[in-house]
Amino acid sequence: MNISGNTIFVAGGTQGIGLALAQRFQAAGNTVVIGGRRPEVLAELKARHGFGTVVLDTTDPASVLRARDEVLQQYPDLDVLVAMAGIMKVENVLGPDFLAGAESIVATNVNGPLRLISAFLEHLRSRPRAAVLTVSSGLAHLPLAVTPTYNASKAFVHLFTESIRLQLAGTSVQVIELVPPAVRTELLPGGSDVEQYMPLDDFADETMALLEAEPEAHEILVKTVHFLRYAEVEGRYDAAVAALNSH
């Protein structure tokens with residue numbers, strides 16, 4: 001993926017990692033469009049940063065298609081989709097509300113990227129050079145006990161990304177997986193204040209540096225996430241699970 005000169009749609013770009021990446025993509029010389037559910041937040045970000053904006057709820061199939069049509073009408077040169085869609089909840093599998101919460105995570109974290117990629121892929125294949133960026137998690141490779149459905153949803157994103165990369169080999173569409181560690185955002189309430197998490201700006205800066213240094217990369221792995229990503233292949237899985245869940 002070229003680091004500049006693209007037209008990029010960041011779904012879920014109104015806060016956290018999505019917004020941080022949108023700002024850096026724009027600063028690198030890209031045209032950036034962001035999607036989100038709240039029109040008032042989109043209007044504020046458009047006024048502040050000059051982003052293109054579109055209302056988008058990835059849990060609603062019709063909303064995804066409307067957003068696609070609006071984006072492609074206004075930005076026919078779109079060549080990069082950042083298929084961000086993610087929520088995280090602490091869960092108790094024995095609790096009475098477990099299933100409802102788990103289904104809401106799947107609706108966003110699994111169905112959201114599926115809908116986005118399905119909606120935009122035909123257009124992206126028509127571009128001479130295009131990219132789909134998915135966003136998984138280090139927890140796709142090492143489980144945090146209190147977030148079982150989130151972990152599994154990100155494992156889905158990881159393997160789905162690996163699979164469609166095989167299917168799209170030989171086409172103009174590159175498939176890249178971003179694999180964040182725990183980052184200081186409000187993905188879980190209070191997460192932006194946890195000192196042990198990676199600072200958001202540091203994550204976004206290192207991610208952009210890796211994208212620039214490794215334009216043909218399959219995975220973008222900041223150094224902090226290596227502990228999670230490689231625990232099993234390095235033969236330290238059990239110890240890493242215990243360390244992760246000791247806090």
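The values are calculated or read from the model by the stated rules, or taken from the named source; none is laboratory data. It should be emphasised that the depicted structure is a prediction, and the values quoted were computed from it without experimental measurement. Ideal geometry is used to build each Cβ from the backbone, glycine not excepted, and the neighbour counts take in all protein chains shown.
Scan region 103-133 for residues that are touching a Phe, Trp or Tyr at 6+ places or on another chain (Cβ under 9 Å) and within 20 Å of ASP60 (Cβ to Cβ) and report the count.
Qualifying residue count, region 103-133: 9.
Does LEU178 meet the test of being of a type outside the set (Phe, Trp, Tyr), farther than 24 Å from GLY101 by Cα, surrounded by 14 or more Cβ atoms within 10 Å (Cβ to Cβ) and within 14 Å of the chain's Cα centre (by Cα)? Write out each step before concluding.
Values: of a type outside the set (Phe, Trp, Tyr): yes; farther than 24 Å from GLY101 by Cα: yes; surrounded by 14 or more Cβ atoms within 10 Å (Cβ to Cβ): yes; within 14 Å of the chain's Cα centre (by Cα): yes.
Yes, satisfied.
Test THR7 against the criterion of being closer than 28 Å to PRO128 by Cβ and touching an Asp or Glu at 6+ places or on another chain (Cβ under 6 Å), and give yes or no. Break it down stepwise before answering.
On the way: closer than 28 Å to PRO128 by Cβ: yes; touching an Asp or Glu at 6+ places or on another chain (Cβ under 6 Å): yes.
When the stated conditions are applied, THR7 passes them.
Condition first: crowded, with 19+ Cβ neighbours inside 10 Å, of a type in the set (Gly, Ala, Ser) and either touching a His at 6+ places or on another chain (Cβ under 6 Å) or at pLDDT 95 or above (or both). Now tell me which residues in region 67-121 satisfy that.
Within region 67-121, ALA67, ALA83, GLY112, ALA119 qualify.
Among the residues in region 147-166, are any touching a Pro at 6+ places or on another chain (Cβ under 7 Å) and under 23 Å from GLY190 (Cα atoms)? Please lay out each step first, then the result.
Step one: of region 147-166, the residues touching a Pro at 6+ places or on another chain (Cβ under 7 Å) are 151, 157.
From the residues that got through so far, the ones that are under 23 Å from GLY190 (Cα atoms) too are 151.
Within region 147-166, one or more residues are touching a Pro at 6+ places or on another chain (Cβ under 7 Å) and under 23 Å from GLY190 (Cα atoms).
Going by what's in this entry, would LEU19 be described as under 15 Å from the mean Cα position of the chain (by Cα), hydrophobic (A, V, I, L, M, F, W, C), buried (at least 19 other Cβ atoms within 10 Å of the Cβ) and closer than 27 Å to VAL110 by Cβ? Steps first, answer last, please.
Details: under 15 Å from the mean Cα position of the chain (by Cα): yes; hydrophobic (A, V, I, L, M, F, W, C): yes; buried (at least 19 other Cβ atoms within 10 Å of the Cβ): yes; closer than 27 Å to VAL110 by Cβ: yes.
So LEU19 passes the test.
Go through region 175-217 and give me each residue that's assigned to a loop (DSSP other than H, G, I, E, B), farther than 19 Å from THR147 by Cα and either in contact with a strand residue (DSSP E or B) (Cβ under 7 Å, 6 or more places away or on another chain) or basic (Lys, Arg) (or both).
Going residue by residue through region 175-217, those that are assigned to a loop (DSSP other than H, G, I, E, B) are 179-182, 184-190, 194-197, 199, 214-217.
Then keep just the ones that are farther than 19 Å from THR147 by Cα; that gives 195, 199, 214-217.
Listed by number, the list holds a single entry, ALA217.
Looking at region 13-70, which of its residues are basic (Lys, Arg) and either in contact (Cβ under 8 Å) with a residue 40 or more places away in the chain or in contact with a Leu (Cβ under 6 Å, 6 or more places away or on another chain) (or both)? Even if it seems obvious, please write down each step before you answer.
Within region 13-70, the subset basic (Lys, Arg) is 24, 37-38, 46, 48, 66, 68.
Result: ARG24, ARG68.
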